[in-house]
Every structure is written in C-alpha cells, then in structure tokens.
Amino acid sequence: MRRVSFVLALILVLCWPVFASAESAVQSGGELHFCLRGEPKTFNPLLVEEDASETIRYLTGGVLIRLNRQTQALEPGLAVSWKVSADGRSIRFHLRTGLHFSDGTPFTSEDVAYTMKALMDPQLHSPTGDSFRSGEGQVAVRTPSADSVIVTFPAPVAGLERLFDQVAILSAHSPKKEMAILGPFYVADYTPGSSVLLRRNTNYWKKDKEGKPLHYVDSIRLDIQRNRDIELLRFRRGEIHLINVLDAEYFDRLQKEMPAVAHDAGTGLDSEFMWFNQVPTAPLVESKKAWFRSTEFRKAISMAINRADLSRIVFGGHAQPAFGPVSPASHFWFNSSLPVPQYDSAAALRLLSQAGFHLEGDTLRDSSGNRVEFTVITNSGNRSREQMVAMIQQDLSQIGVKVNLVTLDFPSLIERITRTYDYEACLLGLVNTDLDPNSQMNVWLSSAENHQWNPKQSKPATAWEAELDRLMRAQASTTSDKKRKADWDRVQQIIFEQQPFIYLVNKNAMSAVSPAVIGSAPSVLDPHAFWNVEVLRLGPDPALGAQK
C-alpha cells in the first residue's frame, strides 16, 4: 500500500465532526452504513470462509439457534426448543410455525432437512460443514412433522447445539435458492467493487417486548472499502456509522479525540499469523518447497520473530504475543502449559545449522548454497499487516534471511492461496466466532478448505497431520469436557511443535461506534459492533453516523 500523504493525515486530524447527542430523537427507520474490508466471495451461506461473506451471512441468515455474543449463551432462533441425545449423536428441533422466507415461501422442517443434507455433502466442501465432521459416514435427517426435525450424525458431535449458530437455513423450494432468507435483512443489490445493499425482510419473525417488529433500521449499506485510512476518514465525517474491527493506531487516535466512540473489549479470540506454502503442486522451486516442509526451518523462523515488539509497536500494546490457535482469553480451552513464545535469534541459527543451513557472511544459505529468501503476501490496505511484515523483515535479517513483501487486493490474494497456490508465504488473520474447538474443524482437518498451508488433502500428508485429524475427530465425538480438553491440549501442543501456522499476536477486540447508533454493546466475540443489529436504532439524522 502507498504511504498516506501528510495532507491526508492533517485532514484526519482537523475534520473531526461534532456528534449528535445519543439522547435526542431516537427513531426507527433509516439506513445503517458501514464497510466491508473486501469483496464478498459468495452469497451462499454454506460456502462462507472469509469476513465479508460472513458479515452478510450474519445479517441475512436465519439460524435455528443463536449464540448471544455478549452473554455467550445459546438462544432460540428458528427453533423454539431443541434436545441433544445422551450419546451426542442426534439433535431434535421443535420449529416455529407460520414463518416465511423473504420471498414468501413457507418455512418447514423440509428446509432444515434440505440444508443439512447440502451442508454435509462432501462434494460441496462446506467450511461450515467441516465443524460437524466427527466421524465417517452419512448424516440422517428425519422430519416427523412440519415443525419437527431430527438430525443424526454418524458419531457423537461435542458441543453440537453451538455449531448451529453458523448454519443459515436455505429454502428447499424457493426459486431464489440461497437468496431467499429467514434473517432480518436480504441482499437487495450488489455492485461489485462498490457496495452491497441489504433491505429489511418484512417477513422476519422477531418482535420486541412491545410487540413491534424487529429490526428497527430499514436497510444496511455495506461499502466495499479495503483502505483503512479512508474507512476512518469516512467514519469521522459521519458517512459511516461504525467500524467493526479497529486497528490499534486508529483506536488510540479516536480515544484521545472522542473517547465515547472507541471501544476496547479486551483480549479477543482473533489471531494474526504467517504460514509457508506446502502444497506439493505449487509452482515453486524445489529448494523452497524443501525449506517450507522442514519443521526445523519453520520453528527457526518462528523463534527469530519478536512478538513482543509486534504487540508493542504495531498494535500499541493492544495485542498479546500469540501461543497458538487458542487465545488466552479462552480460559478453559487454552493450553496453559505451552511455553511462552521466546525471541531467540541465536537459538534459531543453531536450529537452522542442524537442518543443514549455514551463514555466509550476513546471508543464510541452504546445503546447496541457495540464498534463503522468500516473499510474504498479504492484503493491501491493511497497514498493521504491512507493518508486521516490515518488522519481520528486520528480525529475520538478523539470521541472514531476506524477506520481501507483496500486497494484493483481496480477490487476487484469495485466488493465490486457494486456487493457483502461486505464493511462498502469507500473513493473514483468523476470525474466531466461538470458543469451542469444533469451530476450528475447518482449519485443522487435513481435508479442510482452510487447512491453508496444504488444503483439501485426500489423505494426510504427514504423520502429525494424521494425528491432528484423529484428535480433532476424537474431541468432537465425546461429550466429556475433560476428554475434549485433553485432546484439544494435545492439538495445541502439536501445532506449537510443528508450526504450520506461525502465530504472531492475539489482538484486542476494538471497534468504533457513532453515538448516533443507539443500542450498541460491543463484545469480544465477532461481530463486535453489530451483533445485536436487530435492536440498533439511529439518531435524529438516520442517513449519517455523525453530524458536521
């Protein structure tokens, strides 16, 4: 990303508008306005695997059970009630009656059956479906009545009911297919590269305590804006109402100028990490493929990165060094026996020497004399990631490794890491929407789409990946929290030992919300700023988040 000019910096400082009072003239209607950080990859809720599509799924999808992002309790959605069998293999739902999809198609148990069969179809490769795969075999769905459905899995699924928070129900009969929805808003218009417009679903079933239909706003406009500086500028001008994920630099600036709009919910579940491309068919030179497959190489690179500096400098102290796939904020599931990540370039060089690498002057070379150099790709417009790579460049230069940075627009980056595999290393983040280990099934199963270093394997490429498969399925197929905890701890230990992902930091959950938005209660779980979108209202001028 090009450096932001000094002129733009001055504009950001000088053009802070005066917000309207939150107490004045609260009203229903109007258009909530905020940004997506990238192009939505899909509108099919079963295929969601990135943030933009996840935002749209959350705002449009009707789910049987909803996880309250603030209390972390499960709440009835399309299902009035549910019951999990004693063996953890089946769940029975009693559905609400008289509901309709956005296009008027009636909602019945047939729609749930249709959705579950599509979700678990191995040909679909649904990332959401991966969370339910605790064993081999088919899923059976029975519909005793229009308002009753029983889903039976081939093996017990731990925390089964929590997983349905991510399953948006599709219509089995609507000609609009996945565009017919049961959530509060539907996709009314999409202009690629510009915006997604969501409008109120007049068939939405929820009502407030006074019996008035929820939701309160008429529409939501999601502008596609990858540049964080422009997003912040538009927030300050009052052109958008909220920023769901706020970078540390911007948080500190907003907190000094207008403390009421900046919210830090504390250490979050999300992580930033880097990985090397280990796809066997990737168009890389063989020497680099050998480096990236080497556990010693990956561990040495990890040891040579100063995570404390990343947390302090890039994130202004609003982040913590990351241990692995579980944030310390997840008190029960975090493996507290993992060693604290240490920055030790001398130990990194010793490990590299054992693996056949050697220093020649200030340049690291492999056993064949090849200079150790690789390129990290990340998404353009993300200043914190660009800063992280710059600091990693400095750290790794101390052990003779040259690191290059290439920023790509998000569609191009996704193309590289999921289809062409034409890249060497990548730095991105993982958004965790739940504490339960099953929410990461679509990352750690070797067959999973998001097993990013070598996805969609027909069989595990390594013994340790086979062990991850076994442990993930084992923890997902028992109802004993003690046994699940032991298995998940071992998964974290293997990841720490193998470093397929080099975890860098766990960021605080920071967001910005205009005082013109009434009812916001930012949470640690994503979506931080609009998880309770149904009850959000706008102030006296519903077209703008702030007044000049």
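Worth pointing out:
- Radius 15 Å from Cβ of Phe315, net charge of other residues (Lys, Arg +1; Asp, Glu -1): -1
- If only the Cβ of Lys and Arg carry +1 and only the Cβ of Asp and Glu carry -1, the dipole of the range 446-548 around its Cα centre is close to 140 debye.
- Karplus (6.51, -1.76, 1.60) ³J(HN,Hα), θ = phi - 60°, over the range 80-96, in Hz, Gly and Pro reported as x: 6, 7, 8, 8, 8, 5, 4, 8, x, 9, 10, 9, 10, 10, 9, 8, 5
- The apolar share of the surface of the range 370-496, taken as the fraction of accessible area on carbon and sulfur atoms (1.4 Å probe, ligands and nucleic acids excluded), comes to 46 percent.
- Spin-label zone in the range 318-332 - amide nitrogen under 18 Å from a point set 7 Å from the Cα of Asp481 along the C-beta vector: 327-332
- Near Val524, once Lys and Arg are set to +1 and Asp and Glu to -1 for all other residues with Cβ below 15 Å from its Cβ, the sum equals -3.
- Relative to the current alpha-carbon distance between Thr418 and Ser397, full extension at 0.36 nm per residue lengthens the span by 4.6 nm.
- Its DSSP H runs of at least 4 residues, each contributing -39,500 (n - 2.57), put the calculated 222 nm mean residue ellipticity of the chain at -7500 deg cm²/dmol, to the nearest 500.
- Note on the range 442-513: dipole from Cβ charges, positive end direction compared against Ser447, Thr462, Leu504; the farthest Cα belongs to Ser447.
- Entries of Lys299/Lys482; Lys402/Lys485; Lys177/Lys485; Lys176/Lys459; Lys41/Lys176; Lys41/Lys485 with Cα pairs more than 28 Å apart: Lys299/Lys482; Lys402/Lys485; Lys177/Lys485; Lys176/Lys459; Lys41/Lys485
- Protein accessible area in the range 248-353, 1.4 Å probe - carbon and sulfur %: 55
- Within the chain, percent of DSSP bridges classed antiparallel, to nearest 5: 80
- Sparse packing (at most 13 other Cβ atoms within 10 Å of the Cβ) combined with a DSSP loop state is found for the following chymotrypsin sites (Phe, Trp or Tyr not before Pro) in the range 324-380: Phe332.
- Gap separating the Cα centres of the range 454-479 and the range 176-204, nearest whole Å: 37
- Annotation for the range 113-180: trypsin sites (Lys or Arg not before Pro) lying in DSSP loop with at most 15 further Cβ atoms inside 10 Å of their Cβ are Lys176.
- For the chain, the Cβ-based charge dipole about the Cα centre amounts to some 340 debye (Lys, Arg positive; Asp, Glu negative; other atoms uncharged).
- GluC sites (Glu not before Pro), loop per DSSP, at most 10 other Cβ atoms within 10 Å - longest free stretch of the chain: 211-548
- Computed from the Cβ-Cβ distance with R0 of 60 Å, the FRET efficiency linking Asp208 to Lys459 stands at 0.70.
The values are calculated or read from the model by the stated rules, or taken from the named source; none is laboratory data. Since the structure is predicted, the reported quantities are computational estimates derived from the model, not experimental observations. Don't worry about glycine lacking a Cβ; one is built from the backbone with ideal geometry, like all the others, and counts go over all protein chains shown. Note: areas computed on protein heavy atoms with side chains; ligands, DNA, RNA excluded. Shrake-Rupley method; radii C 1.70, N 1.55, O 1.52, S 1.80 Å.
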